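Student: Sending over a structure as structure tokens; questions will come in a sec.
Each reported figure results from applying straightforward, stated rules to the coordinates on display, with no laboratory input. Remember, predicted model here, so these are calculated numbers, not experimental data. Because the Cβ atoms are built from the backbone with ideal geometry, glycine has one as well, and the counts that use them run over all protein chains shown.
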DNA sequence: CGAAATTCCTATGACGTCATATTAGTGAAA
DNA sequence: TTTCACTAATATGACGTCATAGGAATTTCG
């Protein structure tokens, strides 16, 4: 026998949702159905595709191999569905959005949501490395990623250019400076985003070039937390201009050695890029950043 | 209800084979099955997809729209099938090949057939315009086309470079020349390929640039016929070097004004390009032309 | 010449087979 | 207990086949 849609679609949803039950809910069928489909697919392939663990499922190597195909099938299926409904309503749907910085992602989401209030948006903020990976693995639909990797099977559109700056409170020692250099940071407490972030990579590279080290370094998970920390007077933070909403009372100062320009990109797997929902999201992103 | 792959696959096969019965034979099901699937699809779409005529079927505008999707689904389906079978046997299959010149197509087909004798090859020679169109419309799987158009959804690989030359019999008035110019051709009978061919386009453009006209012009459908005509002493023919097997006793002479280089390309729709059969054909093409 | 037969298509209805999804029930882990 | 994955039994419906009908060219033959 040959595998059919149902099996691949069930498999794909399980991978993306991370569990059989969640996939079943999303698909609007019982969990039993999903189990049967995935089992059948595994039987046809002749090996396990998923590792079932208490905390969710993960892909086996074979599973990873098949997931690419399965997801392309799902994308095509959605596209066919859209065409059948005559491109009519976008009154339903889900979109998994991933970003490595709150801005401009949240702004884009706001615009998009304004236009399509009934589309459920699933936003996740994570570090640069993970963000790239989630798109590559097709777990997320679209990404807004700084300096996203380039790949043949990705659609990648540059949205805006930005560079690293120092953020501090207006009563900070460096607050009155027009520009600062790395050497000015040595005796300051510096806050950086978590491991895996592009910021960490860039900063560490710069420091390595100059054979310097920041003695007072704090890393934090997300940008809003960093902002809050700066506001509390914990220190000064380095991150991309425009990557988070900046509270009043904070100042941003260019850093002499971080003149390199970085690009915020819209990315999506090419097979998915034809989908109406994703097209609209891209349109919203372009509308925001080029206004 | 939602349409499923059976319906799309049936539809796609009907389009490519040009009839319900032929599609049924190819699919290994009864004609009744194919009819039912296509009807169901039409019912779901809400309009006719095919115009049934005595001499075959043709696409309605809506049908054309859906055929793109249907064919991508078929390609994906094949790819999944290949993956499941572990890329094992290529002992069956069909490949529609289109070209605007016998060479190097026939040579490539010979190589390919040597390696995969059980793959049925369906070769069609046609003019440049039609060849491009057949690939664009996904009626053919692969093409070997001179200066094929570039498109986002095509895979396009340059195989070899060539240029226009004059072919004539060794007793022809120009046979002893090392090189000829357009002016030398004015008082000769010149044979060109049919309307729509790249040769016609190029030659007419050159003539228009110089505001000249060839007084004694004959056009013929295919390259082998042109060769035969030259051999019979009908006149001299202009066509791409290496585009047909040249009989002994014919000489080829460069033309001064036709120095522009043309590229013979391998082309295939990108969705199909991942298929094993098509990969192997491309490999055969590259093996021939870069040996 | 022209009507009937032939041939090549596609369409339809009835029917058996198999696949799909549901409900219900089991066991395991948190 | 609750959550989750798997399994068994079952109803529904889809798929494919056969037999058959109808339409439109082509051929046959009086």
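Student: Give the peptides A:209-219, B:128-138 in descending order of average Cβ contacts within 10 Å, highest first.
Tutor: Details: A:209-219: 12.1, B:128-138: 20.0.
Result, highest mean first: B:128-138, A:209-219.
Student: I'd like the projected area of region B:14-84, averaged over all directions, using the convex hull of its alpha carbons. Report it in nm² with one decimal.
Tutor: 5.0 nm²
Student: What value, in deg cm²/dmol to 500, does the helix sum -39500 (n - 2.57) over DSSP H runs of n ≥ 4 give at 222 nm once divided by the residues of the protein assembly as shown?
Tutor: The helix-only estimate for the protein assembly as shown comes to -13000 deg cm²/dmol at 222 nm.
Student: Take the alpha carbon atoms of region A:1-46, find their center, do the same for region B:1-46, and report the distance between the two centers in whole angstrom.
Tutor: Using only Cα atoms, the two centres lie 26 Å from each other.
Student: Report P(r) for region B:69-180: all Cα-Cα distances, bin width 5 Å, range 0 to the bin holding the largest distance, values in whole percent.
Tutor: P(r) over region B:69-180, rounded to whole percents: 2, 9, 15, 17, 17, 15, 9, 5, 4, 2, 3, 1, 0.
Student: May I have the pair-distance distribution P(r) for region B:215-291, computed from all Cα-Cα distances with 5 Å bins from 0 and rounded to whole percent?
Tutor: Here the calculated profile for region B:215-291 is 3, 10, 18, 16, 16, 13, 10, 8, 4, 1.
Student: Let me ask something additional. Could you give the spread of the C-alpha atoms of region B:164-259 along their three principal axes, from largest to smallest, in whole angstroms?
Tutor: 34, 28, 22
Student: Between A:142, A:45, A:15, where does the largest GNM mean-square fluctuation fall for chain A, given springs only between Cα atoms within less than 10 Å?
Tutor: A:45
Student: Here is a further query. Ratio of alpha-carbon Rg to the 2.2 N^0.38 Å globular estimate for region B:239-284, to two decimals, please.
Tutor: 1.73
Student: Taking only C-alpha pairs under 8 Å that are 6+ residues apart, what is the relative contact order of chain B in percent?
Tutor: Rounded, it is 22 percent for chain B.
Student: I'd like the orientation of helix A:105-115 relative to chain A: the angle between its Cα long axis and the longest Cα principal axis, in ° from 0 to 90, rounded to 10.
Tutor: 50 degrees
Student: Name the residue, out of B:123, B:66, B:239, whose mean-square fluctuation peaks in a Gaussian network model built on chain B with Cα pairs under 10 Å.
Tutor: B:66
Student: Rounding to the nearest 10 and keeping the result within 0 to 90°, find how far the Cα-based axis of helix B:31-45 lies from the longest principal axis of chain B.
Tutor: Helix B:31-45 and the main axis of chain B meet at about 80 degrees.
Student: Considering the Cα positions of region A:105-171, please state its Rg to one decimal place and its Dmax as a whole number of Å.
Tutor: 14.7, 48
Student: Continuing with the same structure: So what's the convex hull volume per residue for the Cα atoms of chain A, in Å³?
Tutor: 156 Å³
Student: Taking the Cα atoms only, what angle lies between the long axis of helix A:5-17 and the longest principal axis of chain A, rounded to 10 degrees?
Tutor: In chain A, helix A:5-17 runs at an angle near 30 degrees to the longest axis.
Student: Quick check: convex hull over the Cα atoms of the protein assembly as shown, volume per residue in Å³, rounded to an integer?
Tutor: On the way: hull volume 132.2 nm³, N = 582.
Convex hull of Cα atoms, per residue: 227 Å³.
Student: Related question: Evaluated at 20 °C with a viscosity of 1.002 mPa s, what Stokes-Einstein diffusion coefficient in µm²/s does region A:124-215 have when Rh comes from the Kirkwood expression over alpha-carbon pairs?
Tutor: 137 µm²/s
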